Structures are given as C-alpha cells and as structure tokens.
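Take a look at the structure set out below.
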Amino acid sequence: MIKLIESNNSLKKAIMDIAKQIDVGGEIHFSSSGTTGAPKHVIHSVTKISNYVKTDLKAVWGLTYDFTKIAGVQVLIQANSNNNKVVNLFQKSQTEIHNSISEHFITHISATPTFFRLNFNKEIFPLVKQITLGGEVCTNGVIDLVKKVFPNAKISNIYALTEYGSVLASSSEVFTLSKRTRKTVKIVNDYLYVFFNGMWNNTGDVVELIDERSFIIIGRESTMINVGGQKVNPHYIENCINIMEKVTHSKVFGIKNSLTGNIIAADIAINGDLDIKTIKKLLKQILKPYEVPRIINIVSSIELNSTGKISRI
Amino acid sequence: MKEEDLLIIINEILEEDCEDSLKELKPSYNLREDVGFDSLSLAQLTVKIESVYGIDIFADGIINTVQEIYDKVNRK
C-alpha cells in the first residue's frame, strides 16, 4: 500500500480509496483526456497495468496527474506495488511543488510537458532520479528544460493511449520503431497506427518521419489548423513562442474567417515586459508567414483541462 | 463605422507588421495596392472588424476598397 502525503483530508481519503481499489485488483474505470473532444469511457484491468510495473522499493513519487485518470492511476499502481511514498502535487502551486520535491526527497516525477513548462525554470533538483513525460507532444525544448532542472534524472518520453496503455518510449522527442514495436506500431500516410483489439487503429496522431524507423509526433490531426490550405501545427508554434525570454507559456489556436479559413492566434502569458510587436518580429524570423500568429493576446494565465493539458476545446 | 475607427484598426495591423502607419484613409483606397495588405492581413482585418462590429466583411465575396468596407458595415 502507498504512503500518501496530502494535507487536505478529503482529498487524501479520495486518493486512498483509489489506492485500496488498486490493492484489491480487478477493474478500474477511466475517462480519456478529452483534449480534442468529449472524453471517452475506458476500463482497464489493474492486473494488466501491473504487468509493466518496475521494482523500485526506494522510489518517492510526485503525483502530478489527476488520480481518477489513467495516468494518475498508473503512478499509484507503480507506487503501490513497491509500497512507495506518494506526494500529491496535482493542482498545487509552484512553491508547494518545489517545497514538496525538496522536503519529501521526491525521486520520481511523471507529468505532462505543460506541467514542467509551467512550474520550472532555473531551479535545480539534484535528487530526482527519473522524469517521465507523457500525455501530450513533447518537444526537445521541454526535454532541455527538464535536463537542466533535474540534472541527475533519467528522462523518458512516453507515448501512450488511454485505450491501450504505453506504446513507445524515448529519451528525446524522436521515437524509433524496434523489431518488437513494429509488430504493434506502424506509420501510414504520416498517421500513427497501433494494433490492439485485433485490428490496426488510427490514433489520429500525425507524425513527421525522420527515416523509415524514426519519427517525431507533431500532434493530433484534429488540432492542426488550416490556413489557406496550409496545415499549421499549433504545438510547434507554441514551442517557438515558449523559448522566448519572459514568456511563461502560450496557447496557439485558429480564428475562423471566410478569406483564409483560419488565421493563427495566440494567448501568451509573460513574466516581465514584452510587447506584441516584438513577439511578432521574432516569430517572423523563424516561422512561415501563415504560421505567425496574426492576433496575439497577452494573458495572465492559460486554461488547462482536467489532465493538466492546454484546453483546446 | 467612421474613418477614424477603421484607420485605428488598419494602423494596428500595419504597426504590428512593422509597416508605416497611414495618416488618412480615402474611401477609394485599394486594400492591397494602397494600404499594402496581403491575404493574411486582410484575414486579420476581417477578424478584427467582426469582433467589434459583428460583421464578416468577406462573407459575401471579396472586398477591394475602403468604401466597400464602410458599405458593408454601415449597411447593418
């Protein structure tokens, strides 16, 4: 059974209720993230997820995911199997997160790229041994950030589906198909397919091929924005914006119009002085004209959905 | 919509694109040749006008001049 650190008693009870279900075994019901539409209802067997558990009796976990979603439950299953301490970091402030990592000697953190981008900048946490990134597109910009903040950590970038579980793992933004993974993963016309339930399933995720075995996941087809017939990847543009000094995070989206279909817009949260004209000037140096956000809003914060990802609905 | 209102909107777009702003806006001005807009700037213009006036000026077809914008918006 896990040892849970959470000061809110009702939240502690709710997490422990899930932990007890895990301890008993059987099935747990989830909803998918709903990043691109209505959340789907999925059932997973604790036994099946437990097949992927690794032995690590000394791990201390930072739980960053909603404990009712599969990503959070996977952390609880891993921790439960090893009787590990789990420190709840879900929806905590940046200060609480930093303090918890230090005070409780957290060694393992599994989180979305957005979590790391929003909560870390120049801090250093040398005791963290494992960082697992998942749940959304992970760029080398986030991996570079994580390497600096957690210099002694092994980094894993995981591609997973709620319906299936973990599909692929990498230490960078590039995934490579091995002999083993090629049996269940293939790329067709730049779409990622995964074999489960007796058939090949189009995940809806679009990839950019590097060679016949390696690729980068660039995002869901449904999040691509069509500007005058050109498909624009909002994640790529967000990455270009987020590496600017004084930008804390951003959300790129399309605004419909009858002339070009969409134009690109961005909500940008900043820390310090940075004006729209400067942002556009910098982006024009690296983006194609139709990729440059035409409408930019400087905002105080950007809404996330229940799984800690930027809400695109 | 008055000339000064449209001039403010157009100059916002020009300044963000690091172009020189206009001092006046003649009704006969062509949006591409005289104002200097490309299709993306025109799309930005239509989005900005729609957000203020609730009208998609390109909904019924292409618009070429400043006067046509006034006609569309002030006809509402």
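Take the residues in the stretch B:44-76 that are assigned to a helix (DSSP H, G or I), more than 9 Å from every other protein chain (Cβ to nearest Cβ) and β-branched (Val, Ile, Thr); name whichever of them is farthest from the chain's Cα centre (by Cα). Restricting to residues being assigned to a helix (DSSP H, G or I), more than 9 Å from every other protein chain (Cβ to nearest Cβ) and β-branched (Val, Ile, Thr), the top hit is B:Val52. Selection of the stretch A:160-193 for residues being without any contact (Cβ under 8 Å) to a residue 60 or more places away in the chain, under 28 Å from A:Val232 (Cβ atoms) and of a type in the set (D, E, K, R) yields A:Glu173, A:Lys186, A:Asp190.
Take the residues in the stretch B:23-45 that are out of contact with any Asp or Glu (no Cβ under 9 Å at 6 or more places or on another chain) and of a type in the set (A, V, I, L, M), then tell me which one is nearest to A:Gly261 (Cα to Cα). Here the answer is B:Ala43. Out of all the residues in the stretch A:13-27, is one or more modelled with pLDDT of 90 or more and open to solvent by 60 Å² or more (accessible area, probe 1.4 Å)? Yes, the stretch A:13-27 has at least one match. Of the listed requirements (1) surrounded by 18 or more Cβ atoms within 10 Å (Cβ to Cβ); (2) within 11 Å of chain A (Cβ to nearest Cβ); (3) in a loop (DSSP other than H, G, I, E, B), B:Ser41 misses just one: (3).
The requirement of being open to solvent by less than 30 Å² (accessible area, probe 1.4 Å) and modelled with pLDDT under 85 is satisfied by A:Gly34. For the stretch A:91-125, a residue qualifies if it is under 19 Å from the mean Cα position of the chain (by Cα), touching a residue at least 60 places away in the same chain (Cβ under 8 Å) and under 17 Å from A:Val75 (Cβ atoms), and the qualifying residues are A:Ala111, A:Thr112, A:Thr114, A:Phe115. Report whether or not A:Asp205 is open to solvent by 70 Å² or more (accessible area, probe 1.4 Å) and closer than 30 Å to A:Pro293 by Cα. The answer is no for A:Asp205. Here's a check for you: in the stretch A:280-305, which residue that is within 9 Å of another protein chain (Cβ to nearest Cβ) and of a type in the set (Val, Ile, Thr) is nearest to A:Lys231 (Cα to Cα)? Ranking the qualifying residues of the stretch A:280-305, first place goes to A:Val292.
If you check every pair at least six apart or on different chains, which have Cβ atoms under 7 Å apart with a residue in the stretch A:194-214 that is touching a residue at least 24 places away in the same chain (Cβ under 8 Å) first and a residue that is loosely packed, with under 13 Cβ neighbours inside 10 Å second? Matching pairs, first to second residue: A:Gly204/A:Ser222.
Contact map, the stretch A:256-277: residues that are within 10 Å of chain B (Cβ to nearest Cβ) paired with residues that are open to solvent by less than 30 Å² (accessible area, probe 1.4 Å) and among the charged types (D, E, K, R), Cβ distance under 6 Å, separation 6+ or inter-chain. Pairs shown: A:Ile263/A:Arg294.
The values are calculated or read from the model by the stated rules, or taken from the named source; none is laboratory data. Note that the structure is predicted; figures quoted are calculated from it, not measured. A quick note on method: Cβ atoms are made from the backbone with ideal geometry, for glycine too, and the neighbour counts reach across all protein chains shown. Surface accessibility is based on the protein's heavy atoms, side chains included, excluding ligands, DNA and RNA. Shrake-Rupley method; radii C 1.70, N 1.55, O 1.52, S 1.80 Å.
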